[in-house]
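Participant: Mind looking over this structure? Questions follow.
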Amino acid sequence: MTGQVVRALVVGFGLGALAVACGADVDATDYRAENRDAFLTACTKPGSDPRMIRDVCECTYEQIEANVAFSDFVALEESLEVDGLASLPDVIAGFVAECFVDEVDL
């Protein structure tokens with residue numbers, strides 16, 4: 001299940017950052033509600049237990065928003081398009097792992 005959450009996170013990065021480029025203010029420099037909504041929609045889509053996956057995704061997004069500069073978030077989306085999961089930074093993978101453990105009560 002952890003692999004599924006990480007894959008969902010990668011998709012979430014893509015759509016979350018694309019919300020800035022598509023129809024949003026192209027000069028945006030900070031996280032906005034549409035980033036969060038797009039991230040959570042993409043992140044929860046492939047889940048077999050939607051409630052648990054959504055909890056992990058929400059936790060992960062909150063960690064990213066609190067600890068990753070928005071410009072780094074956008075740059076990460078671009079690198080994930082090119083390199084896929086190989087470019088997922090350890091800090092982000094750590095957020096996913098922490099949230100998975102916290103939300104699933106392992």
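Coordinate-derived values only; no laboratory data. These figures come from a predicted structure and were not determined experimentally. Cβ sites come from the backbone with ideal geometry, for glycine too, and all protein chains shown count toward neighbours.
Participant: Using a 7 Å offset from the Cα along the Cα-to-Cβ direction at both residue 52 and residue 66, what is the distance between the two label points in nm, to one decimal?
Facilitator: 2.3 nm
Participant: Given a Förster distance of 25 Å, report the FRET efficiency between residue 32 and residue 78 from their Cβ-Cβ distance, rounded to the nearest 0.05. Spell out each step's value before the answer.
Facilitator: Details: r = 18 Å, r/R0 = 0.73.
The pair residue 32/residue 78 has a calculated efficiency of 0.85.
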